[in-house]
1. Just checking, how many residues over the stretch A:85-127 are closer than 30 Å to residue A:52 by Cβ and outside any strand (DSSP E or B)?
2. Sort out which residues of the stretch A:202-244 are on the phi > 0 side of the Ramachandran plot and hydrophobic (A, V, I, L, M, F, W, C), and write them in order of number.
3. Please specify each residue of the stretch A:171-181 satisfying the condition of being of a type outside the set (A, V, I, L, M) and within 19 Å of the chain's Cα centre (by Cα).
4. Condition test on residue B:169, is it more than 14 Å from every other protein chain (Cβ to nearest Cβ) and modelled with pLDDT of 95 or more?
5. Restricting attention to the stretch A:76-101, which residues are surrounded by fewer than 17 Cβ atoms within 10 Å (Cβ to Cβ) and either over 11 Å from residue A:156 (Cα atoms) or among the basic types (Lys, Arg) (or both)?
6. State the number of residues belonging to the stretch B:134-166 that are within 14 Å of chain A (Cβ to nearest Cβ) and either without any contact (Cβ under 8 Å) to a residue 60 or more places away in the chain or over 30 Å from residue A:278 (Cα atoms) (or both).
7. If residue A:238 satisfies all but one of (1) within 11 Å of another protein chain (Cβ to nearest Cβ); (2) assigned to a strand (DSSP E or B), what's the number of the condition it fails?
Number of protein chains: 2
Amino acid sequence: MIVLIFWLEEFMDLCINGIYLPFNFKIMSTNVMEAVKVTENTAIMKGLVYQGPGEKKWMDVPKPKILAPTDAVVKILKTTICGTDLHILKGDVPTVTKGRVLGHEGVGIIEEIGTAVNNFKKGDHVLISCITSCGKCEYCKKQMYSHCEDGGWILGHLIDGTQAGFVRIPHADNSLYKIPAGANEEAMVMLSDILPTGHEIGVINGTVKPGDTIAIIGAGPIGMSALLTAQFYSPSKIIMVDMDENRLAVAKTFGATHTINPTKDDVAKLIAKETKDGVDVAIEAVGIPQTFDICQEIIRPGGHIANVGVHGKSVDLQLQKLWIQNITITTGLVNTNTTPMLLKTVESNGISPEKLITHRFKFDQIMDAYEVFGNAAREKAIKVIIGD
Amino acid sequence: MIVLIFWLEEFMDLCINGIYLPFNFKIMSTNVMEAVKVTENTAIMKGLVYQGPGEKKWMDVPKPKILAPTDAVVKILKTTICGTDLHILKGDVPTVTKGRVLGHEGVGIIEEIGTAVNNFKKGDHVLISCITSCGKCEYCKKQMYSHCEDGGWILGHLIDGTQAGFVRIPHADNSLYKIPAGANEEAMVMLSDILPTGHEIGVINGTVKPGDTIAIIGAGPIGMSALLTAQFYSPSKIIMVDMDENRLAVAKTFGATHTINPTKDDVAKLIAKETKDGVDVAIEAVGIPQTFDICQEIIRPGGHIANVGVHGKSVDLQLQKLWIQNITITTGLVNTNTTPMLLKTVESNGISPEKLITHRFKFDQIMDAYEVFGNAAREKAIKVIIGD
């Protein structure tokens, strides 16, 4: 998922939570570990490099090389910044070490392929998935690519990422997608992470169905992605909840039927008035106890709470009330298993994720892009694009 | 569900939690409210009557009458005691008022039917469902009978129950089942509540599949029911967790492949050794924070935690670890929508729920039955049967 939704600036400290890696996050096989040594002949590129907590630099780094036969090297055309990159910069993700090139989203052109890559050739226009998948482990065979035993979320985390001139993509055949001719490249960048995250972990896990009343708590990039993709399944009411009036106004233009600002109104009371006995689906797209609590308050018997937010601390689950309510709660890191389907919907103009982009920067303005994205509420930013 | 699993005597205070009714528990329509006044001509029967916290009495009460055309009056042949009855007696369920006849399980013979009852006639041998369902509200149409808008769990709660000579069953056509000729009557009593609860809220909600490794936390009547019904779906390993060695030994004879006593061994460590990275399904069948925590510790990525226990307080949900684990947590009161299916499996000898019965009493020994069931660990009791 690699998600962050701004819940207004005063909540930023709570919101930019640390990502605690679970017990099954393993050290990747040497297959995906990098061992590029700088020598006199090393090709150089620019990259946004993590320099330890609070520090980053747009600087010269070695251009990646093929390390395994299943690798591809991709020249980056466009990338973006994710809330998780802000987490990392705060020092909240200790598995990211100093010197790491950040970024796990982007589109590009295949520069070079390993000898075992079959689906792509040099010059192909590709979408980079935020999730790397080997395609042959137990989890990949269940389409749970997020838990791939030789992949998962590694880009800009355990190996160098996409905020650079080039990126090495392990297991390229399973971790890249061809971009259809004529497709909007900026829209494609939204398909690396946020659109499949909102769709899979919010809408599909929440089992949104025709006629349903759904609430999305948090109108940041992920909440907005859930809003856009929920409409595939024809819910009758989509209630958007956020403390930022600008985002609520944008949500209305994206298809929200109702908006609620919890600083002005009592969410549970308004939803009780608007529904028979609560919402069918509540999508948590912030990652703090307060927003999870809203979901617990507004869910109807038989309803689904789909947690999408990245949480930094535990929440108080009201089982003394909910044990009898026949509800379902789901969690998850995006699998990107619906990326091919989302590609088709973008191609047929069924959805226009480029509407989420509010700001554009050149590569050498990436430090400005971080400044704007890091102050999203003040800057009225949703997603930024970086590319030449 | 109306469940209680003993987690050893020292845990009894924690275990016998109050049932907090959720906001959508409504006062039933007059259709199901009782208005029997004792007059000179009132027929009398014996019933186990709640006399306020800590007090109960086997005493004369008015025999129930048909109050609505959809009612039936059933003569009780066999009934049992549920953990929920102990909750009520502790005063934990304030919606149960003084004078209420307890009990929501049993089998009997139809004594009288209302003019709108079509599926049954006087003399029919019937199984009483713990859940009453009108069959025509929104929830009934979704087979969520537990949330029936004119029913749900009302027997021995909002209207007089089955621990008596006779009981009035509202919406009889939807709330009773014909007992097949030659069926074991004691086995049928297990189908009123515990077997469908273990099956629906544990096994089906947990989506137990062939080859799965499952853990059942709590080897009381509901945990044992989950153990019996899980075997319909051919899991490869069933790990039973309880602090009571006697119950673990019984669980082995019922099909558990492994047992763990948390007072002797570290459950999470043993399960980590026995599995690749945790269990596919964890069924919580106790209802206290400690046992819910075990489920959170042992669940693998993509796994299901099926909460069956009746909780009296909130639990600390470890979302800072679980957000990324792609897990599903479910809760629920039994719908009894699988009762017809369970009836067939008992009829074909696919399952023998009468194995759960450890003690038998006559109706006039019901106070002794409560004494034994209230000290289940000491008495090595699982389920008791009361009947002449």
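1. Narrowing the stretch A:85-127 to residues closer than 30 Å to residue A:52 by Cβ: A:85-108, A:111.
From the residues that got through so far, the ones that are outside any strand (DSSP E or B) too are A:85-100, A:102-105.
Residues that pass the stated criteria total 20.
2. Selection gives nothing.
3. A:174, A:175, A:177
4. Working: more than 14 Å from every other protein chain (Cβ to nearest Cβ): yes; modelled with pLDDT of 95 or more: yes.
In short, yes.
5. A:90, A:91, A:94, A:98
6. So the count comes out to 7.
7. Residue A:238 satisfies every listed condition except (1).
Table: residues versus (1) at pLDDT 95 or above; (2) surrounded by 23 or more Cβ atoms within 10 Å (Cβ to Cβ); (3) under 30 Å from residue B:299 (Cα atoms).
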{"position": "A:305", "(1), (2), (3)": "yes, yes, yes"}
{"position": "A:310", "(1), (2), (3)": "no, yes, yes"}
{"position": "A:313", "(1), (2), (3)": "no, no, yes"}
{"position": "A:350", "(1), (2), (3)": "no, no, no"}
{"position": "A:375", "(1), (2), (3)": "yes, no, no"}
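The values are calculated or read from the model by the stated rules, or taken from the named source; none is laboratory data. Treat the numbers as computed from the prediction; the structure is a model and nothing was measured. For neighbour counting, all protein chains shown are included, and Cβ atoms are generated from backbone atoms with ideal geometry for every residue, glycine included.
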